[in-house]
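Trainee: For reference, the structure I am asking about is given below.
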Amino acid sequence: MTSVRIWGTGAGAVVVLVAAGVWARGSSAVDAGMWAEVRPAIEARLVTQSAGTGAGESEPALRSRWFCRAEALDLEASGGRVRAGINTLCEEYGERAGALVLCSGAEIPEVVRLERDPADGGYRVVSEEQAPEDDSAEWLEHHFSHHAAARLEQGMTSTALRAAARTHFGLPAGAPVRDC
């Protein structure tokens with residue numbers, strides 16, 4: 001009789017562990033196909049919004065421009081609408097004397113809502129939210145899953161943005177990066 005109780009307890013524990021594993025794995029999944037559809041609209045909006053805000057834009061000889069990317073953290077689609085919890089990184093680069101010059105930049109988590117554009121069938125951004133400066137921890141907790149919040153703590157790398165900027169300015173892959 002004792003072995004049956006132990007076996008029953010062990011089986012119950014296994015069921016709980018499997019259920020927890022399924023929940024944890026499911027919470028981190030982002031539909032790659034959906035992300036590929038909405039990402040261009042999100043990143044184009046980021047570049048457009050950043051223009052005119054950088055330190056390098058006041059130096060015409062620098063010919064700076066913004067480079068932005070977004071990472072999907074949470075993605076939900078329903079009836080032609082998409083809610084995307086994202087982390088964004090935008091950096092303003094220019095070129096001076098064979099070096100890449102970093103002038104401005106920011107990494108900001110956002111919630112973006114998109115809907116299908118009837119004109120071309122793609123997606124367009126209809127709203128976005130960012131954490132208020134005075135209470136970002138609470139905002140993040142209410143707007144992102146636990147898995148997404150953990151990924152936000154890891155931050156984003158600027159490697160891809162620097163590579164795109166070097167290519168844009170015709171610089172070699174190993175060109176140094178300097179401050180504005």
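Trainee: In this structure, does Val82 turn out to be modelled with pLDDT of 90 or more and either in contact with a His (Cβ under 8 Å, 6 or more places away or on another chain) or over 20 Å from Thr157 (Cα atoms) (or both)?
Mentor: yes
Trainee: Glu76 - would you say it is assigned to a strand (DSSP E or B) and surrounded by fewer than 18 Cβ atoms within 10 Å (Cβ to Cβ)?
Mentor: yes
Trainee: Among the numbered conditions (1) of a type outside the set (Ser, Thr, Tyr); (2) in contact (Cβ under 8 Å) with a residue 40 or more places away in the chain; (3) touching a Gly at 6+ places or on another chain (Cβ under 6 Å); (4) surrounded by fewer than 18 Cβ atoms within 10 Å (Cβ to Cβ), tell me where Arg116 comes up short.
Mentor: (2)
Trainee: Follow-up question, since we're still on this one. Among the candidates Glu59, Glu92, Glu76, single out the residue that is modelled with pLDDT of 90 or more and within 30 Å of Val177 (Cβ to Cβ).
Mentor: None of the other options fit; the residue is Glu92.
Trainee: Report the residue count in region 126-161 for those that are closer than 20 Å to Asp179 by Cα, open to solvent by 70 Å² or more (accessible area, probe 1.4 Å) and either touching a residue at least 12 places away in the same chain (Cβ under 8 Å) or assigned to a loop (DSSP other than H, G, I, E, B) (or both).
Mentor: Going through region 126-161 one residue at a time, the tally reaches 1.
The values are calculated or read from the model by the stated rules, or taken from the named source; none is laboratory data. Predicted model only: the values in this text are computed from it and were never measured. Please note: Cβ atoms are built from the backbone with ideal geometry, for glycine as well, and neighbour counts cover all protein chains shown. The protein model used for the area step is the full one, side chains on, heavy atoms only, and it has no ligands, DNA or RNA in it. Shrake-Rupley method; radii C 1.70, N 1.55, O 1.52, S 1.80 Å.
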